[in-house]
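The values are calculated or read from the model by the stated rules, or taken from the named source; none is laboratory data. None of the values given here were measured: they were computed from a predicted structure. Ideal geometry is used to build each Cβ from the backbone, glycine not excepted, and the neighbour counts take in all protein chains shown.
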2 protein chains.
Amino acid sequence: MTTAHKVVGVLGGMGPDSTVDFFAKLVAATYAERDQDHLRIVIDNDPTVPDRTAAVEGRGPSPAPHLGAMARGLIAQGAEVLVMPCNGAHAFRSAVLDAAGDVPFLDLIETTVAATRARLPEVATVGLLATDGTLAARLYDDGYAGDGVRALPPTPADQALVMKAIYAVKRGRSDAQTAATVRAVAERLVLAGADAIVAGCTEIPLVLRDGEVVVDGRSVPVIASTDALVARTVAFATGAPPPG
Amino acid sequence: MTTAHKVVGVLGGMGPDSTVDFFAKLVAATYAERDQDHLRIVIDNDPTVPDRTAAVEGRGPSPAPHLGAMARGLIAQGAEVLVMPCNGAHAFRSAVLDAAGDVPFLDLIETTVAATRARLPEVATVGLLATDGTLAARLYDDGYAGDGVRALPPTPADQALVMKAIYAVKRGRSDAQTAATVRAVAERLVLAGADAIVAGCTEIPLVLRDGEVVVDGRSVPVIASTDALVARTVAFATGAPPPG
C-alpha cells in the first residue's frame, strides 16, 4: 500500500453524481502508463450526510459530526490529504479540520477563488451558481472578499430555478431543459454585471460547461469548483507544481 | 452513518477507469429522490495492487496480501458487503474471502455466469474477452462449467489485440480504433461459434457495448461483467429481489 504519491481521501456522496464526476475527472487528470501509476483514492460516498442547506437555514440537523467521522474514517483508511467536493458542506468545514488534525484539507472554496484569480486576474464580479445553503453561509462572499471580487447571486426567482436544477441532478433526473434553465440563469447574471460565472456547487458542472455561456456573441468563462479542486488535488498529491 | 441499506465496499483501482465506470453505473442504478436515498459506497481505488496477469503467469508478486488488506480496510470503514470489479483479481479471491470473514462477497465471475443463465438460458458457447490472467486462471471456464457452457477464448493473435486494448483503456488512451479492434475480435469469436460475448474484463465495456456486435446482420448479445455486478450489488444492498 505504499506509493510515492499522497493517498487522497474524498468526503463524498454530496451528492453521489458529483462524487462520480469528481472521481472520473481526478482519474482522467492523472497521467498513467499503467494502473500502478495512478493515484490511490479512498472515497466515502455517504449520501446519508444531513442536507447542508437545511442545516444552514436551521431547518435540519448539522452534518458536522457526520463529516468529522467521515474524515477520521478516511484517515484510518490511509488518506494523507482530504478533499470534500461539496461546496455547501464547507459551511461545516471546521468539523473536518478538527478531525483531520495534521492531515491537510484542500478547501474547495479557497481553491475555486485561487483558480479564479489565476485565470481571470482582472475579474470584478462573478455570478454565483450555488445552493441556498452556500449563499446563506456567504462562503463565496467571504472567499472572494480578500481579492476585492464581488460574488453576485441570482435573483430570488432565478435562485429557485437553480435549486430545482441542483435537486434534479441529485435525483439523476436532469435533462436538456434543466441545462437550458441553468444556462439562462447564468446569462442573466452576466447581463446583471458578472464578468464570469462560478459553478459553486458540484452538481452544476454536470449541466453547465465552460464555453456554454454566451451573451451578445461573447463567451463568458465558467469556473467550475469541481475542476479547480481536481487540478489542485492532482498537483498536491503528485508533488507537481500547482496549476495556474 | 446508519442506513436501511447495506454499505457497499469496493475493492477498486484495477484499473481506475473501470472503477469509475462501476461507481457511475452503481449510482445511476440506485433510485433516489434525494442524496439521502442513495447507497453508501466506500471505495478503495488502489492502483498499486500488483498486476494480476503477471502474478497468474508467475512473472510478478501475488496481489493476495494487498487484496486482503483492502478488504479489511473497507470493513473497518463500515462495508457490509464487498465487491471487486476486476475479473482477473478473482484468481486471488480466496484472500478476499478469508479477510471478509462473515461479510458477504459478491463474486464477479459467479454473478456474470448467473446473468448469462438468466438472460440467455439456451446459450452453448460464449466468446470471452478477458485478460491473459483471467484466461490462464480458467476463471470463466470453471464458472460456466456447471451450466454446461463453453467459454471460447480468442485466437492467440486476437488475444494479443485484446490485451493491447485493455492496457490502452487502463492508460486512458483508448480511441475509436481500440473500440473497432475489440469489436472485430468479438465478431470473429461469433464466427468461430460463440452465441454471445462475455466482457469478462471490466475495461472492455468502456470500448464495447451491448448491441455493437453484429454478424451477418444479426445483433449478438454482449454480457458485461460490470453491469451484472452492478445489478446484483444494488439488489443485494437494497434488499430488492435479484434481477433476471
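Note on the stretch B:103-138: residues that are within 12 Å of the chain's Cα centre (by Cα) and among the β-branched types (Val, Ile, Thr) total 6. The condition of being within 21 Å of A:PRO16 (Cβ to Cβ) and among the acidic types (Asp, Glu) holds for only one of A:ASP98, A:ASP147, A:ASP142, A:ASP132, that being A:ASP132. Report, by residue number, each residue of the stretch B:109-146 that is in contact (Cβ under 8 Å) with a residue 40 or more places away in the chain, among the hydroxyl-bearing types (Ser, Thr, Tyr) and part of a helix (DSSP H, G or I). Residues satisfying the conditions are B:THR111, B:THR112, B:THR116, B:THR134, B:TYR140. Condition check for B:MET163 on (1) modelled with pLDDT under 95; (2) within 21 Å of B:ARG138 (Cβ to Cβ); (3) not basic (Lys, Arg): one failure, at (1).
Here are some residues: A:GLY211, A:GLY193, A:GLY200, A:GLY217. Which one is without any contact (Cβ under 8 Å) to a residue 24 or more places away in the chain and either touching a strand residue (DSSP E or B) at 6+ places or on another chain (Cβ under 7 Å) or closer than 23 Å to A:THR19 by Cα (or both)?
Working: A:GLY193 fails: without any contact (Cβ under 8 Å) to a residue 24 or more places away in the chain; A:GLY200 fails: without any contact (Cβ under 8 Å) to a residue 24 or more places away in the chain; A:GLY217 fails: either touching a strand residue (DSSP E or B) at 6+ places or on another chain (Cβ under 7 Å) or closer than 23 Å to A:THR19 by Cα (or both).
One residue alone meets the criteria, A:GLY211.
Do we find that A:GLY172 is touching a strand residue (DSSP E or B) at 6+ places or on another chain (Cβ under 7 Å) and not in a helix (DSSP H, G or I) in this structure? Criteria not met by A:GLY172.
Considering only residues in the stretch A:147-162 that are part of a helix (DSSP H, G or I) and crowded, with 18+ Cβ neighbours inside 10 Å, the one that is farthest from the chain's Cα centre (by Cα) turns out to be A:ASP158.
Residues that are assigned to a helix (DSSP H, G or I) and of a type in the set (Ser, Thr, Tyr) occur at least once in the stretch A:94-107.
Out of the stretch B:175-187, which residues are part of a helix (DSSP H, G or I) and either in contact with a Cys (Cβ under 8 Å, 6 or more places away or on another chain) or surrounded by fewer than 17 Cβ atoms within 10 Å (Cβ to Cβ) (or both)?
Step one: list which residues in the stretch B:175-187 are part of a helix (DSSP H, G or I), which gives B:176-187.
Matches in the stretch B:175-187: B:ALA176, B:GLN177, B:ALA180, B:ALA184.
Kindly establish whether A:GLY211 is over 23 Å from A:ARG138 (Cβ atoms), assigned to a loop (DSSP other than H, G, I, E, B) and away from chain B (no Cβ under 14 Å). Against the criterion (over 23 Å from A:ARG138 (Cβ atoms), assigned to a loop (DSSP other than H, G, I, E, B) and away from chain B (no Cβ under 14 Å)), A:GLY211 qualifies.
Results for (1) surrounded by fewer than 16 Cβ atoms within 10 Å (Cβ to Cβ); (2) of a type in the set (D, E, K, R), shown as yes or no for each residue.
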residue	(1), (2)
A:ALA192	yes, no
A:GLU203	no, yes
A:VAL207	no, no
A:VAL215	yes, no
A:THR226	no, no
A:VAL230	no, no
A:ALA240	yes, no
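Out of B:THR112, B:THR131, which single residue is out of contact with any Pro (no Cβ under 8 Å at 6 or more places or on another chain), more than 14 Å from chain A (Cβ to nearest Cβ) and polar (S, T, N, Q)? Steps first, answer last, please.
Working: B:THR131 fails: more than 14 Å from chain A (Cβ to nearest Cβ).
Within the list B:THR112, B:THR131, the selection yields B:THR112.
Of note, A:VAL27 does not satisfy the criterion of being farther than 20 Å from A:GLU203 by Cβ and either outside the structural domain of A:GLY172 (by TED's automatic domain parsing) or modelled with pLDDT under 95 (or both). Of the set (1) in a helix (DSSP H, G or I); (2) in contact with a strand residue (DSSP E or B) (Cβ under 9 Å, 6 or more places away or on another chain), all apply to B:ALA228 but (2). Of everything listed in (1) without any contact (Cβ under 8 Å) to a residue 12 or more places away in the chain; (2) away from chain A (no Cβ under 11 Å); (3) hydrophobic (A, V, I, L, M, F, W, C); (4) under 25 Å from A:HIS5 (Cβ atoms), the single unmet condition for B:PHE92 is (1).
When the stretch B:76-98 is filtered for residues that are within 15 Å of B:PRO50 (Cβ to Cβ) and in contact with a Lys or Arg (Cβ under 8 Å, 6 or more places away or on another chain), the ones remaining, listed by number, are B:MET84, B:CYS86, B:GLY88, B:ALA89, B:ALA91, B:PHE92. Evaluating A:VAL207 against the criteria (1) touching a Ser or Thr at 6+ places or on another chain (Cβ under 6 Å); (2) within 13 Å of A:THR131 (Cα to Cα) leaves one unmet condition, (2).
As a summary of the residue check, A:LEU39 satisfies the conditions (1) farther than 27 Å from A:ILE166 by Cα; (2) modelled with pLDDT of 95 or more; (3) surrounded by 24 or more Cβ atoms within 10 Å (Cβ to Cβ) except for the one numbered (2).
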